[in-house]
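Asks: My questions all concern the structure below.
The values are calculated or read from the model by the stated rules, or taken from the named source; none is laboratory data. Given the structure is predicted, the values throughout are model-derived calculations rather than measurements. Here the Cβ positions follow ideal geometry from the backbone for every residue, glycine too, while neighbour counts run over all protein chains shown.
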Amino acid sequence: MWVETMTKILDLIGRIFISTVFLLSGFNKIGNYEGTVGWMESFGLPGFLLIPAIILEILAPMLIIIGYQTRIAAAALSLFCLSTAIIFHNDFSDQMQFISFMKNIALCGGFLFLVVNGAKGYCLDKK
């Protein structure tokens, strides 16, 4: 009983921790909309892609935190992490870019764990 309860609590904490990064990032993009559009366009991406990125970075983490459609939301964020690593952090001669690339890949892996295992407890997926 104790192990099952701790598993559910740690699963929820893990879902909150991995999601908070994207939730805050989505709100930051809203607060610095024009600057973010300019940054994206400097990489050759059209600025209108910022809108779906913001929606994904706010909606998917919220779904993961509450544990609703966790696997789908985690799959979307996993692909997002992989694509942003490749597009925005590919200058491996810059150590900070390499670290950012590896962090995105690590987050991608964390989301893949959620894709495979789903939410374990304290979630709407189990209801």
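Asks: Return only the number of the condition from (1) within 17 Å of K126 (Cβ to Cβ); (2) loosely packed, with under 15 Cβ neighbours inside 10 Å; (3) touching a helix residue (DSSP H, G or I) at 6+ places or on another chain (Cβ under 8 Å) that T7 does not satisfy.
Replies: (3)
Asks: If K103 satisfies every condition in (1) outside any helix (DSSP H, G or I); (2) modelled with pLDDT of 95 or more; (3) of a type in the set (K, R) but one, which is the exception?
Replies: With (1) outside any helix (DSSP H, G or I); (2) modelled with pLDDT of 95 or more; (3) of a type in the set (K, R) applied to K103, the lone miss is (1).
Asks: P46 versus (1) over 14 Å from the mean Cα position of the chain (by Cα); (2) surrounded by 13 or more Cβ atoms within 10 Å (Cβ to Cβ); (3) more than 21 Å from D125 (Cα to Cα): which is the lone unmet condition?
Replies: Just one mismatch for P46, condition (2).
Asks: Next up: Any idea which residue in the stretch 76-111 is farthest from I9 (Cα to Cα), counting only those that are aliphatic (A, V, I, L, M) and crowded, with 17+ Cβ neighbours inside 10 Å? Lay out the reasoning, then the answer.
Replies: Taking the stretch 76-111 as the starting set, the residues that turn out to be aliphatic (A, V, I, L, M) are 76-77, 79, 82, 85-87, 96, 99, 102, 105-107.
Then drop every residue that is not crowded, with 17+ Cβ neighbours inside 10 Å, which leaves 76-77, 82, 85, 107.
Numbers: A76: 24, L77: 22, L82: 28, A85: 30, L107: 20 Å.
The extreme case among them is A85.
Asks: Ok, one more. Only residues that are assigned to a loop (DSSP other than H, G, I, E, B) and at negative phi: list them for the stretch 2-44, please. Let's see the steps before the verdict.
Replies: Going residue by residue through the stretch 2-44, those that are assigned to a loop (DSSP other than H, G, I, E, B) are 32, 43-44.
Within the stretch 2-44, N32, F43 qualify.
Asks: Here is a follow-up. Considering only the stretch 34-61, how many residues are in contact with a helix residue (DSSP H, G or I) (Cβ under 7 Å, 6 or more places away or on another chain) and either β-branched (V, I, T) or more than 25 Å from F101 (Cβ to Cβ) (or both)?
Replies: 4
Asks: Still on this structure, I have one more. As an exercise: evaluate V115 against (1) of a type outside the set (S, T, Y); (2) in contact with a helix residue (DSSP H, G or I) (Cβ under 7 Å, 6 or more places away or on another chain); (3) part of a helix (DSSP H, G or I); (4) more than 25 Å from T7 (Cα to Cα) and give the number of the one condition it does not meet.
Replies: Going through the list (1) of a type outside the set (S, T, Y); (2) in contact with a helix residue (DSSP H, G or I) (Cβ under 7 Å, 6 or more places away or on another chain); (3) part of a helix (DSSP H, G or I); (4) more than 25 Å from T7 (Cα to Cα), V115 breaks only (4).
Asks: Starting from the stretch 110-122, take each residue that is in contact (Cβ under 8 Å) with a residue 60 or more places away in the chain and list its partners that are part of a helix (DSSP H, G or I) and of a type in the set (A, V, I, L, M), counting only C-beta distances under 6 angstrom and pairs at least six apart or across chains.
Replies: G110/I18; F111/A74; F111/L77; L114/A74; Y122/L12
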